[in-house]
Every structure is written in structure tokens, then in C-alpha cells.
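Input: a single structure, listed below in C-alpha cells.
Rule-based calculations on the coordinates, nothing more; no lab input. Everything quoted here is computed from the prediction, not taken from an experiment. FYI the Cβ positions are ideal-geometry reconstructions off the backbone, even for glycines, and counts take in every protein chain you see.
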Amino acid sequence: MRLTRYFLPVLKETPADAQIVSHRYMLRAGMIKQASAGIYSWLPMGFKVLRKIENIVHEEQARAGHMAMLMPTIQSADLWRESGRYDAYGDEMLRIKDRHGRDMLFTPTAEELITDIFRSHVSSYKDLPLTMYQIQWKFRDERRPRFGVMRGREFLMKDGYNFDLTKEDALHAYNRHLVSYLRTYERMGLQAIPMRADSGPIGGDDTHEFLVLAETGESEVFYDSAVTDLKFGDREIDFDDVVQCAGIMEEFTTKYARTDETHDEALFNKVPEERRKTARGIEVGQIFYFGTKYSEALGATVQGPDGKPTAVHMGSHGIGVSRLLGAIIEASHDEKGIIWPEGVTPFHCGIVNLKQGDEDADAACEALYASLTALGLEPLYDDRNERAGGKFATMDLIGLPWRITVGPRGLKNGVVELTSRRTGESEEMPPEQAVARIADIYAAH
Ligand code: ATP
Ligand code: MG
């Protein structure tokens, strides 16, 4: 993409109403525009990152054996009355009447609808286990939408649902989700710590939230600092392997890590003092096992191996897809702007032409652009007629992890400059070598 043709409405001024850094940078970098309180338009660069995050979620869900599907955003109130949540959900649910006066709502989550699909089509234990998920917009009429996409009213969520015959099978599904989420967040360059949590209005027995540590997080968290040393890495996982998944679950959840809702001071005090940490965190996901709560309320039963009807065991699992953009920026930025992890960056690298209009510089930039593109990489070429300082400031703000700087002086010696956004370190090298280096870096992502 050439910057002169791209829609990147960068703001010079810091927006006054944006209180946290991710919100400020998303506005300044022209990624989102507020449409009304807690509701945003996604401008091209913001949308690109959103899509990258979605893709990682889809890939990791597929790896775990879960099926993608899509349910409507507008749902009839009837099912929600059946489960008892139409009244229980309160003011957070956006209620709508259609032209016939029927009660409809904008989905805040989808347990009811998926359970209805299940009960209509599945009647035998032989069709289990079953896990389906969607990535769909949700609406919750939050009391205080704030912090940009972090606490929106409309937001994009991955929500997944598992149906199993027994509690043991459902607990395997729970562990499998935990494992798959760990990998999902790491691919986005995030460390998200599973913490024992409270189940809230969804209800249920077992639940963990995934928290990214950040000063601006809304949750207070308490943990043993040893949990931050745990890395998922690129282990080989067999998601059907009950023992392997349970082992990883144990590895990542045994050390003390809790939100304020479930915090237990006495237990916490057993952690060696120097490892006892209190901090703030951003909730980027949550997994639940809730037994037969919805299947009983909605009559989702199957014929068991003994021929008798049995209510299925369920769980639901969510990832805050749009919130993740904010969380990633909170975890990865400096005073100049965003620093995208390679896994989610909107463009793989920037090309800065120090002297637009100079024949050699223009030709070298075009050649770099063509070589990178031919390798399947997406560069953002700053081809504006602007001074170098302004170009660098834009690149730093939008946070592409790598920048190739091209100028007539370097070209006389046959070199361009490759700069890491994260470390600020620059190295001179021939253009072909810069291309090869960038290709190498992204081969691992
Ligand atoms: P919170 O406690 O932050 O209100 P929640 O526990 O009610 O969230 P879940 O039902 O667990 O939310 O939804 C799954 C995920 O969706 C959350 O972990 C979070 O990342 C994301 N999410 C929830 N509410 C919002 C929101 N208002 N804006 C953006 N993302 C949200
Ligand atoms: Mg939650």
C-alpha cells in the first residue's frame, strides 16, 4: 500500500476525551472513529488489525477442532424467556420491538440460541462431543462505556460452546479451550494469565479469566510472579489428548493467580513474599463450565448409551476480539506510539523514502516494494512529499515493527537502513538483504 492512496487520518493533537494510551493511539493513528458512545467505526488500518486478530482466533479454533458458524445479532426474546435470562440480564440488554410489536434483542452472548440449534438437531450421544463457535458483534448497554474499544457497547467477541455427554468430557473441553487460548494470545504477542474467576450472570462451576497485566486494566489481580515465567511456546499439542490438555491446564493454573472477585488472602499469603504481586489486568477472555444449567432449562437432552434421555454438559468460552486491540497496545507501546507485535501488525514493514522525487531513491523504494510484495508481504510505502521527520513520526505512531529507510546518500554506498521499532536499533545493508531479513522474521509468524 502506498500512503498517498491510503486512508490514514492521523491526528496531530491528542484527543482530550481519551484517558488511556491505547484509546489515544487508536484515535491518533486513524484506526477508529467513535460513532456514538461505546460504538465505533473501524477505519482501514484498525479494521486490518481486527481482521488479523480474528484470523489468529479462527486458525487456533480450527486447530483445536472447533467449528466456525454464525448466529444472528438480533434475536427473539422468546428463547431468553425460556432460560430466564430475559429478565435476569437487566439494563445491559438492548431490547427492541419489531413492527409487529414482538420483543427482540441485540445479542449480548448466545447460549440460548446455540442451545436451541442443538436441541433441534442433536438427539443421540453418538453426535457428541460437539464444539461450535462464532466471531460476531455483541451489544451490551454498558453503564460506563469507556477507554475506546476496551469497554465498548458494541464489540466483537469470539464465543464458543461445547456440548458433551459427561462432566469429564466437558472438563476436557474446558481444558482444551484453556490450552488453545494460551496459544492464541501468545501468537498475538501477549501474555494472558489464566486466573480463577467468578462466574457472574452466566452461572456455573468452573471459570477462568485470561488477564493481560497493564496499569490501565480494570481488574485488580493478585498473583505469584512465577506465573509470568510460564511460556506456552510452540509445543506440539494433540487436542484430543485428555491427559496432555489436563497437564497443561494444571501447569498454568496451579500457581496463585486470582482476580479480586475470588481473591483469598490466606492462600495468597502462602506464596513466598517476594513473589506476591498485586497489579491490574485487562480481561481478554473467559472460559466456563456450567454443567447442565442451560441444557436443563432449554431441554437440550440426548439419548444416552443406556437409552435414557440425559441433559448434556455445556461450557461457553469467550475472547474479546475488539478489546484485544486495546490490550495489545496497552502492553506494547512507547511515548512515540504503538509497537505492533509481528503477529498482528497491519503492515509487515514501512518503507520511508527520505527524498521523494529523487530518481534513485524513488526507484529503490519501488524495487523494495515489488520484492516484498512478491514474497507475499505487505509493505506500507510512505511516498508522500514530506520531510523525513514527519514520515518517521507517522511510522513511529502507527507502530509497524520494521522500517526500511531509503535515501540518496545510503544508495550511493548501495545500502538502505533497517530499523526495529521495538529496540530503535538500525542497521545498514543492501536492499536485497533487508528484504531477506524481513521475510525471515515473518516466516516465523
Ligand atoms: P467484563 O467483566 O469486562 O464486563 P465480561 O466478563 O462481562 O466482561 P464475558 O461475558 O466474559 O465478559 O465476555 C467475553 C469477553 O468479551 C471478555 O473476556 C472481554 O474480553 C470481552 N468483553 C466483554 N465486555 C466487553 C465490552 N463491553 N467491550 C469490549 N469487550 C468486552
Ligand atoms: Mg468475563
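Tabulated results
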item: Alpha carbon centroid spacing (whole Å) that separates the stretch 65-103 from the stretch 309-358; result: 30
item: Linear extension gain, residue 70 paired with residue 250, 0.36 nm per residue minus alpha-carbon span; result: 61.6 nm
item: Pairwise FRET efficiency - residue 219 versus residue 273, Cβ, R0 = 25 Å, nearest 0.05; result: 0.65
item: Selection of trypsin sites (Lys or Arg not before Pro), the stretch 381-445, meeting DSSP coil and at most 13 other Cβ within 10 Å; result: 387
item: Enclosed volume per residue, in Å³, of the convex hull spanned by Cα atoms of the stretch 140-242; result: 148
item: Relative contact order for the chain, counting Cα pairs under 8 Å that sit 6 or more residues apart, in percent; result: 17
item: Cα centroid separation, the stretch 394-419 to the stretch 280-306 (Å); result: 52
item: Candidates 278, 292, 131: whichever shows maximal mean-square fluctuation once the chain is modelled as a Gaussian network with Cα springs under 10 Å; result: 278
item: In the stretch 406-439, the GluC sites (Glu not before Pro) that fall in loop regions by DSSP, at most 12 other Cβ within 10 Å; result: 425
item: Distance (nanometres) between label positions extended 7 Å along Cα→Cβ at residue 263 and residue 374; result: 5.8
item: Additional length obtainable on full extension of the chain from residue 91 to residue 229, 0.36 nm per residue less Cα span; result: 45.6 nm
item: Spin-label proximity, residue 428 to the stretch 329-363 - amide N less than 20 Å from point 7 Å beyond Cα toward beta carbon; result: 351-356, 358-363
item: The chain: angle of helix 167-187 to the longest principal axis, Cα-based, in degrees nearest 10; result: 10
item: Extension reserve of the residue 59-residue 4 stretch, reckoned as 0.36 nm per residue once the Cα distance is removed; result: 16.5 nm
item: Exposure proxy ranking, count of Cβ atoms within 10 Å, fewest first, for 99, 51; result: 99, 51
item: Debye log10 I(q)/I(0) at q = 0.07, 0.08 Å⁻¹ for the chain, Cα point scatterers; result: -0.41, -0.53
item: Neighbour-limited loop hits for chymotrypsin sites (Phe, Trp or Tyr not before Pro), the stretch 6-84 (at most 10 other Cβ within 10 Å; DSSP other than H, G, I, E, B); result: 7
item: Distance from the stretch 123-183 to the stretch 423-445 (C-alpha centre basis), Å; result: 38
